[in-house]
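**Student:** Got a structure for you, questions after.
Rule-based calculations on the coordinates, nothing more; no lab input. Note that the structure is a prediction, hence the values are computed from the model and not measured. Neighbour counts run over all protein chains shown; Cβ positions are idealised from the backbone, glycine included.
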Amino acid sequence: MKRTQSEVWFERAQQVILGGVNSPSRSYKSVGGGTPVVMVRGEGPYLYDVDGNRYIDYLAGYGPSILGHAHPAITSAIQEAAEEGVLYGTPTPYEVEFAQMLRAAIPDLERIRFVNSGTEAVMTTIRVARAYTGRTKVLKFAGCYHGHSDAMLVAAGSGPSSIGVPDSAGVTRNVASEIVTVPFNHRDALKEALAAHGPELAAVLVEPIVGNFGIVPPVDDRYLADVIDLAHEVGALVIFDEVITAFRFHYGSAAQLYGVHPDLYALGKIIGGGLPIGAYGGRQDIMEQVAPLGPAYQAGTMAGNPLSMRTGMACLRALSNPGLYDEMARRAASLVDAAESAARANGVDIVVNRVGGAFTIYFGREPVRDYEAATRTDSRRFARFFHLLSDRGILIAPSKYEAWFVSAVHSDADIEETAEALEAVFRDLARE
Ligand code: PMP
């Protein structure tokens with residue numbers, strides 16, 4: 001596949017944009033290097049690069065593009081909003097209607113605030129939890145990503161329940177020392193950490209279905225309920241980071257799939273229909289910590305802007321179409337079948353985790369239920385897999401820790417074409 005124009009543009013990019021990318025995950029660093037494909041246009045399930053190559057897109061902008069690209073509902077919402085002005089700096093009916101829509105879908109969202117990114121949403125839920133409880137520490141799960149606010153850039157490091165060390169230069173030890181990390185899906189490690197730090201914990205923060213070391217669901221149907229009960233026993237609040245999961249698997253939250261009720265939620269991605277957005281919300285008495293009602297400050301010039309609100313509503317309206325999620329899950333299942341049978345036929349070991357329309361293909365034999373297991377999967381083989389797929393016009397994220405997202409506009413023909421590419425790619429992988 002010819003990519004000369006991508007190379008030209010990426011060369012130019014590096015002269016002005018640090019590293020040539022506006023988010024590090026877009027670089028090809030974790031797939032052995034190379035020039036990222038530079039895209040110019042999207043339409044339905046396809047993206048087109050600067051050389052005119054077409055790709056079937058399973059990256060979905062890292063999640064938000066559940067309606068594919070340039071969906072008519074999204075395009076007309078943006079056009080209508082643009083014609084009436086995109087920012088007023090005052091209350092608007094759109095933010096009220098959108099908040100009502102979200103609360104109707106997820107009744108736990110008794111009060112909501114809109115922000116501009118998932119990072120902001122999570123960062124603020126932590127502030128609110130600290131304000132409400134008067135405590136400082138936060139427990140998170142190893143390998144879960146919650147945006148790039150200082151406190152959230154702390155990973156597991158050394159073993160279960162270790163007190164965090166900063167995972168990024170520029171994050172101070174003081175900030176890191178307030179984060180307790182435990183492995184996901186291990187009740188005992190959680191219990192130990194709660195026993196050790198319980199009285200100091202403001203919140204337990206979790207991706208209810210993990211999306212950031214691949215798709216990793218809770219180990220059983222009781223796990224999330226136990227996380228909530230155990231956290232509440234020590235007086236900590238529970239925050240679900242549903243930036244990826246809300247409206248991904250059904251018209252609502254992941255919490256609803258497990259019949260559980262966290263105290264606070266962070267939302268983002270899909271709810272913006274592709275425009276910048278974040279939101280947080282939850283129990284009214286907790287949310288009342290936030291200014292102007294309470295002492296915890298959070299604000300935003302662009303927060304709740306009419307453009308994002310109207311586009312987000314258009315996206316959710318389209319997603320409320322019954323049957324859409326079943327179709328996405330069915331199509332994802334058939335891709336997984338194709339990958340598994342091609343892998344088997346060619347003697348390549350893979351393990352697949354799938355929830356609804358999202359899945360991750362890991363190279364290895366061991367089931368992946370926590371971050372450590374994900375790290376042990378074969379990075380080199382994934383890198384080859386990624387490049388071979390890309391050469392056949394299939395776009396996925398350039399990292400073994402990400403997911404394939406099947407959208408509402410992938411057709412059976414797209415799935416068939418992808419399945420054929422998978423067959424060819426596993427044949428090539430086996431030969432190497
Ligand atoms: N939380 C989760 C679970 C995420 O996956 C992400 C982004 N991938 C974020 C928070 C941060 O969102 P944003 O990139 O919009 O700041």
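**Student:** Sort the following peptides by mean Cβ neighbour count (other Cβ atoms within 10 Å, averaged over residues), highest first: 121-127, 67-73.
**Tutor:** So the order, starting with the most tightly packed, is 121-127, 67-73.
**Student:** Provide Rg over Rh for segment 6-150; use the alpha carbon set for both Rg and the Kirkwood Rh (inverse mean inverse pair distance).
**Tutor:** Rounded to two decimals, Rg/Rh equals 1.02.
**Student:** Could you please report the charge total around Gln289, scoring K, R as +1 and D, E as -1 over all other residues with beta-carbon less than 15 angstrom from its beta-carbon?
**Tutor:** The answer is +2.
**Student:** I would also like to ask the following. Expressed as a whole number of Å, what is the distance separating the alpha-carbon centroids of segment 377-432 and segment 17-58?
**Tutor:** One Cα centre to the other: 14 Å.
**Student:** Tell me the relative contact order for segment 1-86 as a rounded percent, counting alpha carbon contacts under 8 Å between residues six or more apart.
**Tutor:** Relative contact order for segment 1-86 comes out at 22 percent.
**Student:** Now for a different question. Asn174 to Arg103: FRET efficiency via 1/(1 + (r/R0)^6), r the Cβ-Cβ distance, R0 30 Å, to the nearest 0.05?
**Tutor:** 0.25
**Student:** With helices defined as uninterrupted DSSP H runs, which ones in the chain have an alpha carbon span along their own long axis of at least 30 Å and mean Kyte-Doolittle hydropathy of at least -0.5?
**Tutor:** The qualifying helices are 324-345.
**Student:** I need the Debye-formula profile for segment 168-314: one equal scatterer per C-alpha, no solvent, reported as log10 I(q)/I(0) at q = 0.13, 0.16, 0.18, 0.21 1/Å, two decimals.
**Tutor:** After summing over all Cα pairs, the log10 values are -0.69, -1.03, -1.25, -1.43.
**Student:** Multiply the residue gap between Lys29 and Tyr88 by 0.36 nm, knock off their C-alpha separation, and tell me the result in nm, one decimal place.
**Tutor:** That works out to 17.2 nm of additional length.
**Student:** Work out how much length Glu192 to Gln284 would gain on full extension: take 0.36 nm times their residue separation and subtract the Cα-Cα distance, in nm to one decimal.
**Tutor:** Here the answer is 30.1 nm.
**Student:** Could I have the simple spin-label model distance between Lys2 and Thr301, label points 7 Å from Cα toward Cβ, reported in nm to one decimal?
**Tutor:** According to this spin-label approximation, the distance is 4.4 nm.
**Student:** Here's another thing I want to ask about it. What's the ranking of 310-319, 345-354 by average number of surrounding C-beta atoms within 10 Å, highest first?
**Tutor:** 310-319, 345-354
**Student:** May I ask which residue of Leu388, Gly268, Gly89 lies farthest towards the positive end of the charge dipole of the chain, with charges of +1 (Lys, Arg) and -1 (Asp, Glu) on Cβ and the Cα centre as origin?
**Tutor:** The Cα lying farthest towards the positive end belongs to Leu388.
**Student:** What is the dipole size for the chain, taken about its Cα centre, with +1 at each Lys and Arg Cβ and -1 at each Asp and Glu Cβ, in debye to the nearest 20? Numbers along the way, then the final one.
**Tutor:** Numbers: 38 positive and 50 negative charges, 147 e Å.
Around 700 debye, computed over the chain.
**Student:** May I ask you to compute the full-extension gain from Arg317 to Thr75, defined as 0.36 nm times their residue separation minus their alpha-carbon distance, rounded to one decimal in nm?
**Tutor:** 85.8 nm is the gain from fully extending Arg317 to Thr75.
**Student:** Sorted from largest down, give the three principal axis spans of the alpha carbons of segment 72-319, whole angstrom values.
**Tutor:** For segment 72-319, the Cα spread along each principal axis is 55, 36, 34 Å.
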